[in-house]
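Below you'll find the structure, written out as structure tokens, and then a few comments.
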Amino acid sequence: MSEQPNIEQFFCKQLKVWPMASANFDALKGVEVKDLVVDGMNIKVQFNPARAISSAAKVDAASLKARPCFLCSQNRPSEQCGIDWAEKYTILVNPFPIFPRHLTIPCKQHVPQAVEGAMADMLRLASMLKDYTVFYNGPRCGASAPDHFHFQAGNSDFLTIADNLEGVELKVVATDNESTLSLVDSLPLKMFVIDAATPQQGEQLFDRLIRAMDVPEGDYEPMMNILAWATPAGVRVAVVPRKRHRPSFYGTEGDGCMLLSPASVDMGGVFITPRVVDYERFDADTVRRVYDELCLSQSEIEQIAEKL
């Protein structure tokens with residue numbers, strides 16, 4: 001039996017025995033979504049009150065130390081069970097969903113959120129979960145559990161990034177046999193794209209990329225969001241370099257503040273707003289401000305490309 005039907009069966013079983021998760025997935029059917037076009041990119045905005053916990057999560061060292069890790073097996077709800085994968089991961093249903101099908105895939109060990117050495121695993125996941133986009137949030141780029149390594153995955157047709165990349169010029173900056181690493185600088189969101197024929201080639205190109213990126217003082221890896229999805233030729237990976245965790249207007253107090261903590265889903269084309277006031281005033285200029293403050297400029301991303 002293929003993995004995909006097993007995942008679907010797993011979802012159904014979990015929602016039958018886990019009332020809280022089932023209620024949150026049911027509520028997702030009624031969330032409001034609006035469409036924007038931002039300088040040629042199709043963007044969605046989702047009003048999702050259940051995501052307030054993640055958007056407002058405290059991720060400083062003291063707060064992380066003070067709370068039990070919700071990704072460790074001993075701290076999970078009794079109703080939450082998982083599927084073992086590749087000996088070191090567990091596939092779980094995310095009980096606070098953004099997608100109609102939303103998975104969290106934590107490492108079995110409690111180790112920090114650090115993707116180096118795990119990119120081949122991410123590509124294998126994307127190859128296996130063919131209807132899903134697998135994504136990684138850096139420890140200061142939207143991860144609400146930066147103390148425990150994990151991926152997430154959601155159904156690909158929900159995001160807009162794959163369609164936004166169709167027909168866009170790819171400036172190839174490195175190759176590894178049949179795989180390529182390209183710069184995409186013609187969109188308002190600057191990024192690198194890896195077209196990987198094999199997980200090993202994709203990981204090698206990714207390792208070259210992160211070695212060319214700066215690591216902020218006090219951090220252990222470059223700031224970035226990563227999204228990967230299956231293609232007829234293998235797996236496509238979008239790497240969005242970041243320079244800031246949250247926008248200057250993040251917060252709940254004061255005029256102009258928004259409870260907005262962008263992560264991979266937002267960079268993948270769907271911005272999540274847990275407050276109705278933020279959803280109603282969220283427009284194309286908000287997207288531009290997020291890209292300007294959190295992501296790299298043309299000159300900044302070109303500097304990385306020149307090192308490859």
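The values are calculated or read from the model by the stated rules, or taken from the named source; none is laboratory data. Bear in mind that the values here come from a model prediction, so they are computed numbers and not experimental data. Here the Cβ positions follow ideal geometry from the backbone for every residue, glycine too, while neighbour counts run over all protein chains shown. Heavy atoms of the whole protein, side chains included, go into the accessibility calculation; ligands, DNA and RNA do not. Shrake-Rupley method; radii C 1.70, N 1.55, O 1.52, S 1.80 Å.
Going from most exposed to least, what order do 129, 308 have by accessible area with a 1.4 Å probe?
Solvent-accessible surface, decreasing: 308, 129.
For residue 303 and residue 31 in one chain, what is 0.36 nm times their gap in residues minus the Cα-Cα distance, to one decimal in nm?
So the chain would gain 93.9 nm between residue 303 and residue 31.
Give me the number: length gained by fully extending residue 23 to residue 157, i.e. 0.36 nm times residue separation minus the C-alpha to C-alpha distance, one decimal in nm. Walk me through the numbers before you get to the answer.
Details: separation 134, 0.36 × 134 = 48.24 nm, distance 2.24 nm.
That works out to 46.0 nm of additional length.
Rank 153, 125, 192 by how far each Cα sits towards the positive end of the charge dipole of the stretch 114-263 (+1 on Lys, Arg Cβ; -1 on Asp, Glu Cβ) and give me just the farthest.
Of the options given, the answer is 192.
Calculated FRET efficiency, residue 211 and residue 111, Cβ-Cβ r, R0 22 Å, to nearest 0.05?
Working: r = 21 Å, r/R0 = 0.96.
About 0.55, to the nearest 0.05.
Just to be sure I understand the rule: take each whole DSSP H helix in the chain, project its Cα atoms onto its long axis, keep it if the span is 18 Å or more and its mean Kyte-Doolittle hydropathy is at least 1.0. Which ones pass?
Helix filter hits for the chain: none.
Classify the stretch 86-205 as rounded, prolate or oblate from the Cα gyration tensor: take a ≥ b ≥ c as the square roots of its eigenvalues, call it rounded if a/c is under 1.5, otherwise prolate when a/b beats b/c and oblate if not.
prolate
May I ask which residue of 215, 99, 164 lies farthest towards the positive end of the charge dipole of the chain, with charges of +1 (Lys, Arg) and -1 (Asp, Glu) on Cβ and the Cα centre as origin?
99
From the phi angles alone, apply the Karplus equation (6.51, -1.76, 1.60; θ = phi - 60°) to the stretch 135-141 and give each ³J(HN,Hα) in whole Hz, x where the residue is Gly or Pro.
9, 10, 9, x, x, 10, 9
Out of 78, 127, 186, any idea which swings most in a Gaussian network model of the chain, alpha carbons joined below 10 Å?
Most flexible of the set in this elastic network: 78.
Would you mind getting the accessible area per residue of the stretch 141-214, heavy atoms of the protein chains only, 1.4 Å probe, in Å²?
Working: 2650 Å² over 74 residues.
Per-residue value: 36 Å².
Size of the dipole of the stretch 92-249 about the Cα centre, Lys and Arg at +1 and Asp and Glu at -1 on the beta carbon, nothing else charged, in debye to 20?
360
Filter 29/190; 171/307; 88/190 down to the pairs with a C-alpha to C-alpha distance above 23 Å, please.
Violating the 23 Å Cα-Cα cut-off are 29/190; 88/190.
Quote the charge dipole size of the chain about the Cα centre in Debye, to the nearest 20; the model charges only the Cβ of Lys and Arg (+1) and of Asp and Glu (-1).
Once rounded to the nearest 20, the dipole reads 880 debye.
How large a share of the accessible area of the chain, in percent, is made up of carbon and sulfur atoms when the probe is 1.4 Å and the other protein chains stay in place? Before the final figure, lay out the partial values.
Details: 6710 of 13320 Å².
For the chain, the apolar C and S fraction of the accessible surface comes to 50 percent.
Give me the extension gain from residue 9 to residue 285: residue separation times 0.36 nm, minus the current Cα-Cα distance, reported in nm with one decimal.
95.2 nm
Quick one: grab the alpha carbon gyration tensor of the chain, order the square roots of its eigenvalues as a ≥ b ≥ c, and give me rounded if a/c is under 1.5, else prolate or oblate depending on whether a/b is larger than b/c.
rounded
Using the Cα centre as the reference, give the magnitude of the dipole from point charges on the C-beta atoms of the stretch 172-308 (Lys, Arg: +1; Asp, Glu: -1; all else neutral), rounded to the nearest 20 debye.
Magnitude of the dipole: close to 120 debye.
Among DSSP bridges having both ends in the stretch 206-308, what percentage is antiparallel? Round to the nearest 5.
Of the beta bridges lying entirely in the stretch 206-308, close to 90 percent run antiparallel.
Report the antiparallel proportion of the DSSP beta bridges in the chain as a percent, rounded to a multiple of 5.
Details: 51 of 56 bridges.
Percent antiparallel among DSSP bridges in the chain is about 90.
Could you check which residue among 168, 134, 33 shows the biggest mean-square fluctuation in a GNM of the chain with a 10 Å Cα cutoff?
Of 168, 134, 33, the most mobile in the Gaussian network model is 168.
First check a/c for the stretch 168-308, with a ≥ b ≥ c the square roots of the eigenvalues of its C-alpha gyration tensor; if it is under 1.5, answer rounded, and if not, answer prolate when a/b is larger than b/c or oblate otherwise. Kindly include the intermediate steps, with their values, before the conclusion.
On the way: a/c = 2.29, a/b = 1.84, b/c = 1.24.
Prolate.
In nm, give the distance between the simple-model label positions of residue 83 and residue 253, each being 7 Å from the Cα along the Cα-to-Cβ direction.
Here the answer is 4.6 nm between the modelled labels.
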